[in-house]
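Below is one structure; the comments refer to it alone.
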Amino acid sequence: MLRRWRGGFDKQQRVYLVEIGAARMKQLVLPDSALAAEIAQNLEHLAHTNLFPRLIARHRGELWLEYIEGKTLDPDVPPSIASIADVFARLYRVDNRCVRTADEPFVEQILNELHFLESTGIVSAETASSLAGQARGAAPATIWVGYDYGDARSQNLVEMPDGRLRVIDVESIRRGALIGTGVVRALSRWPLDRVDLFAHLERSGTPPFWTYMSFLEIAFLTTWTKRCVLYKKHALIDHAALERLAAGRGSA
C-alpha cells in the first residue's frame, strides 16, 4: 500500500494505492464525511462522461476509486486544444442551466471578494472600485450554471490510448458553478489559443460562456486571490492581472 500526500490550498486528503488481487484502486481519505459524500455524489452523477475515476465504494470520510492507467502529461508541454476542449465540453454539457444573472449570487460574490481584498490591503480602494464597476458592466443578462472543474493542470490529467484525457483529481469538481471559470484557470496556466479553443467548444455544443469572458475572469481572479490570502500564498497573487482587469483590459 503506497501512501502519498496532495497539497495545495484546502486539499488535505491522504491518498493510498490499494491492490487487492489483480485489482488496483485509489483510496482517498478525506477530513470529513460530508465532503466525501459530496464528491461521491458528483462522481456518480458524472460517471457517464468517463472523465473522472469511477466510484467503487464510500464509507464515512473514505472513498475507493478506480485507478486510472494512462500516460502522464509533460508539465512543460501544454495539452492539445482539442483534448482540453473535449474535457470541458463533456463536463459543461451535463445539467447546465441558463439563468438570469440577477437571480444568482455571482455579482454580489465578486463585490464581497473585492471588499475583502481592499480591507486586507491587497488592492487599493481605487482598484477595488474599478473592478466592481467592470464586473457590473461585464455581467451578462443571462449566465450559464452547471458543473465545472477548477484545477486543470498536467499532474491532474492523464492521456488514454485513444488520445482523450481523463481527470484523476476529484476534489476540484464544482456543482452549481459559474460555467467557464475552469477554462479561465486553464488559460492562466497554458498559452492556448483561445479563439481556437472556443471554436472547438462551440462545435461540441458547449454553452457559449465565452461571450462574457471578462466577467468570468473577474469572478475567477477575485475568488482565487482571496484564497491566496487566506492560505498565506501571497506569492501566487497576480497583481498585474488585477490591475489589467480593473482597467478594462481582458485577456487577449
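Of everything in region 20-56, what is exposed (fewer than 15 other Cβ atoms within 10 Å of the Cβ), within 25 Å of L165 (Cβ to Cβ) and more than 20 Å from the chain's Cα centre (by Cα)? Give them in sequence order. Of everything in region 20-56, those that are exposed (fewer than 15 other Cβ atoms within 10 Å of the Cβ), within 25 Å of L165 (Cβ to Cβ) and more than 20 Å from the chain's Cα centre (by Cα) turn out to be A23, R24.
In the condition set (1) touching a Gly at 6+ places or on another chain (Cβ under 6 Å); (2) surrounded by fewer than 17 Cβ atoms within 10 Å (Cβ to Cβ), D148 is compliant with all but (2). Comparison of E62, E69 shows that the only residue that is at pLDDT below 95 and of a type outside the set (S, T, Y) is E69.
Restricting attention to region 80-132, which residues are farther than 22 Å from Y231 by Cα, outside any helix (DSSP H, G or I) and among the polar types (S, T, N, Q)? Selection gives S80, N96.
Looking across region 197-252, the residues that are in contact (Cβ under 8 Å) with a residue 24 or more places away in the chain and basic (K, R) come down to K226, R227, K233. Among the criteria (1) out of contact with any Pro (no Cβ under 9 Å at 6 or more places or on another chain); (2) of a type in the set (S, T, Y); (3) crowded, with 18+ Cβ neighbours inside 10 Å, the one Y212 does not fulfil is (1). Of all residues in region 77-98, at least one satisfies being at positive phi, loosely packed, with under 14 Cβ neighbours inside 10 Å and among the acidic types (D, E).
The values are calculated or read from the model by the stated rules, or taken from the named source; none is laboratory data. These figures come from a predicted structure and were not determined experimentally. Using ideal geometry, Cβ is built from the backbone for each residue, glycine included, and neighbour counts are taken over all protein chains shown.
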